[in-house]
Structures are given as C-alpha cells and as structure tokens.
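The values are calculated or read from the model by the stated rules, or taken from the named source; none is laboratory data. What you are looking at is a predicted structure, and each value in this text was computed from that prediction instead of being measured. Here the Cβ positions follow ideal geometry from the backbone for every residue, glycine too, while neighbour counts run over all protein chains shown. The area values use the complete protein model at the heavy-atom level, side chains included, leaving out ligands, DNA and RNA. Shrake-Rupley method; radii C 1.70, N 1.55, O 1.52, S 1.80 Å.
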Amino acid sequence: MDATEKTTKDRYNMEDEMIINLFLERSEQAISELSTKYGKLAQGICTNILYNSSDAEECVNDSLFTTWNSIPPERPSSLKAYFVSVARNKALDRYRYNTSSKRNTFSDEPIEELQECLGSQASAEADCEAEELSAAINRFLSKLKKADRQMFVARYYLSDSTATIAARMSLKESVVTLRLHRTREKLRKFLHKENLI
C-alpha cells in the first residue's frame, strides 16, 4: 500500500469514526452523514433481497433509526459492516413477512439455493446452532479462492443475481452458476464434516 492509498484509507476510516462520534454525542447530523455515506449501498442490498424499491427504502430508513437507537451503547469497529448488517436483517425480516402470507411473488432463489445446502434448522437450539453455523461458514469462506469467496458473498449475502456477478467478474453467467453450485456442495460437505447438518 503506497502513502496515497494509506492516507485515503485513514481519511475514510476517520470519517466513519467521526460519524460514530456524532452518534455518541446524539447529534442528528449522524443520521444524514450515515445515509449519505452508506445509504445507497444499503438500498442496493435491500432491493436485491426484496425486489421492491419502496420496501427497500423503508428498510433503509428503519435501519437508520435502529442504528440511532443502538449507538450508544454499541460502538461498532466497522460502521459500514454494522449498518449494512442492520439493513440486510431488516430486509430479510421484511422478506419473511412478505412471503409468509404469499404477499410477494419475487424470486427467492438465493435463499432457496443456500437452504438446500444448509438443511432446515428450526429447533429449540436454533440460536446456538446459528452462531456455530456462522463461525463454520466463516472458516469455510476463508479457505476458498478469492473469486469463489467473492461470488458466494455477492450471491448469498448481497443477493446479487448471477447475471450481475458474471458481468462484474467478466465471466459467463453459466460459469458463475456452476462455480456457485460447486461451492455450495463443498460447503455442504464441510458442514457435514463439522456435524452441523
């Protein structure tokens, strides 16, 4: 990393720290700064999950409110990761609400694809199992080639379409689909070996 990149990165991190400090000081400017910096990213992720821009916008607004109410006492080490995670969870909650009564007919392929790999875990120990599963998936992802890890995260965390991933990575969509399938199979075997499915 050269000096210019380091300065830019430090300034970028400092800006996040300044926004966090605004939250800690209970300055309403924190909400507008957070929205300006990461609102578009959160909107994109929510839209990818919900396929409905007005629902996605509502999730982003709810996420801003939730972040306002949680900092303090929280002081996230990464404001971007924290806010995106809040927004993604809001979108997933809305997705579950929309689909529980068959209110929505959008594609839920990414969730179905991953569910096939993970199996159903609807038990009383679900919270504990979810933590173990999350840690195991992180271990699995750390062992993947960079391109496969990027595809996995784009598809199953950001809910990007295979066409979007293919375009971003300059690959054919069929190649992305095949590599994601192989990665899910590797994940299934890995989780089976870890006794998590």
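For this structure, a couple of remarks:
- The combined condition, being within 25 Å of R155 (Cβ to Cβ), surrounded by fewer than 22 Cβ atoms within 10 Å (Cβ to Cβ) and out of contact with any Phe, Trp or Tyr (no Cβ under 9 Å at 6 or more places or on another chain), is fulfilled by S53.
- Inside the stretch 178-188, residues that are farther than 13 Å from Q150 by Cα and open to solvent by 60 Å² or more (accessible area, probe 1.4 Å) make up a count of 6.
- Residue within the stretch 165-177 that is under 16 Å from the mean Cα position of the chain (by Cα), open to solvent by less than 60 Å² (accessible area, probe 1.4 Å) and modelled with pLDDT of 90 or more present: yes
- Segments classed as helices (runs of 4 or more DSSP H), wholly inside the stretch 10-125, with at least 3 members that are of a type in the set (D, E) and modelled with pLDDT of 90 or more: 53-70
- Any hit, the stretch 167-176, residues being acidic (D, E) and in contact with a Pro (Cβ under 9 Å, 6 or more places away or on another chain): no
- Sub-8 Å Cβ pairs linking a first residue in the stretch 133-162 that is under 26 Å from N195 (Cβ atoms) to a second residue that is acidic (D, E), at least 6 apart or interchain, are A136/E194; R155/E113; Y156/E113, ordered by first then second residue.
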